[in-house]
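Read through the structure below, which is laid out as structure tokens, and then see the notes.
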Ligand code: 6PG
């Protein structure tokens, strides 16, 4: 009998199952297609883990192979989760647990948790980050669901997770959809981080005329400084990789249209519906959508001309701008987490979220420990950009960000995420904004009313009728 089951042996599911077995737990597995089950059994045998793996032909057999109370991890595409639950739930009994470890929309997780609770089942929505390598050797794990639902599997989840200075990068963050929401925001930040890196690549390629390998070497150097992170590290490697077919840089043969499975978009949708805005994440999602408009972009270049290489901001400014934009993206991400926590009553511990992102996940970076500490110390006005420990980075970084955004704009090079980040920063450092005029306009055409600086009553009106 196995301690836990896992259904869905795609790349992430298979690696997670191997990780569970490798961590000393017996795991029963299954998949819709027998091929995947056979492939998995071969992999487990090749890695010396066959003794801890019970491969079963279908869900019913998988459930039959589990110790009671049973726990089953479901690792399938978001669109297939409901169908798998519909097959799985009737096979389980009161007190058993379903764990959805895919990238689910947290609204679905809330609905599923409620429905399973009514049947007497536990339901955990669990965000898992770290790609294939992370799943196999230690991902960051964001758990949502009733605390009591987590208790029976906590030892397994902590054992398979990444460790930061010996501490598991796995935590129960809150009820129902909290874990999947935190994972969604993690992915939104991932989009912003990837986009600002791509914008620097674009500036150096099109503005300065650098070849990919030279840009890659710069990222490799940056990875030894304050920007040290998984995404900077892999960017350095990717840019220096050679395409075996052409012998040229591999990035030069890749179509410039970015895919997206939806988590970045979900982040933006939730931000807007919570009355928030995560401008750097929005820009990153938009940039992926614009990247798909290849024919239109080629037409635009014909109409308005290509950019000629010339002067662009120096390496130091780019490095500092990357740092500042990153802090701004996280600041927006943390605000969004706080807003959702307030709305859904999750009592999220934001510092804990940052702590479990320090290792294993795609956005892991040297900065995350500083961010976690800053959040733990309390953020002035809830904004990471105001944290005293980031004061110097924001002072110099904002200057650099301004020179990068203005330099890129003057050359005609797109830097939407840098621009979005700077726009937020500049808005947040201006005590008196320009929304007084918006209020006057609204009142003029629709008598929507405004509040006066010298009189806090609502619904006051301007002298518009008087000409
Ligand atoms: C992770 C990643 C992962 C995500 C991929 C692709 O944390 O391991 O966020 O969950 O699915 O990065 O996402 P997109 O296809 O949306 O770029």
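FYI, it's all coordinate maths here, none of it is from the lab. On a predicted model such as this, the values are computed, not experimentally measured, just so you know. For neighbour counting, all protein chains shown are included, and Cβ atoms are generated from backbone atoms with ideal geometry for every residue, glycine included.
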- Task: Note the angle between two axes, namely the Cα long axis of helix 416-428 and the longest principal axis of the Cα atoms of the chain, as a number of degrees from 0 to 90, rounded to the nearest 10.
- Result: 70 degrees
- Message: I'd like the FRET efficiency for residue 255 and residue 302, computed as 1/(1 + (r/R0)^6) with the beta carbon distance as r and R0 of 25 Å, rounded to 0.05.
- Response: 0.85
- Query: Once you treat every alpha carbon in the chain as an equal point and sum by Debye, what is log10 I(q)/I(0) at q = 0.06, 0.07 Å⁻¹?
  - Reply: -0.31, -0.42
- Message: Using a Förster radius of 41 Å, what is the FRET efficiency between residue 107 and residue 214 based on their Cβ-Cβ separation? Nearest 0.05, please.
- Response: 0.35
- Volume in Å³ per residue [convex hull over Cα atoms, computed for segment 389-467]: 163 Å³
- Task: First check a/c for segment 282-342, with a ≥ b ≥ c the square roots of the eigenvalues of its C-alpha gyration tensor; if it is under 1.5, answer rounded, and if not, answer prolate when a/b is larger than b/c or oblate otherwise.
- Result: oblate
- Antiparallel DSSP bridges in the chain: what percent, to the nearest 5? 30 percent
- Note on the structure: The exposure ranking of 143, 375, fewest beta-carbon neighbours within 10 Å first, is 375, 143
- Item | Principal axis box of segment 308-467, alpha-carbon based, largest edge first, Å | 61, 51, 24
- Query: Using the C-alpha gyration tensor of segment 30-138, what are the square roots of 5 times its eigenvalues, in whole angstrom, with the largest one first?
  - Reply: 24, 17, 13
- List the pair-distance distribution P(r) of segment 261-370, using every Cα-Cα distance, as the percent of pairs falling in each 5 Å bin from 0 up to the bin containing the longest distance, rounded to whole percents. 2, 10, 13, 16, 18, 15, 11, 7, 5, 2, 1
- Query: Taking segment 184-428 as the region of interest, what is the percent of Cα-Cα pairs per 10 angstrom bin, listed from the shortest bin to the one with the maximum distance?
  - Reply: 7, 31, 38, 18, 5, 0
- Task: Round to the nearest 0.05 the FRET efficiency obtained for residue 427 and residue 151 when R0 = 41 Å and r is the Cβ-Cβ distance.
- Result: 0.40
- Item | Distance histogram in 5 Å bins (all Cα pairs of segment 166-224, percent per bin) | 4, 14, 16, 15, 12, 11, 10, 9, 6, 2, 0
- Three-way shape label, segment 1-72, alpha-carbon gyration tensor, a/c 1.5: oblate
- Query: What nm value, rounded to one decimal, do you get for the distance between residue 117 and residue 315 when each label is placed 7 Å out toward the C-beta?
  - Reply: 5.5 nm
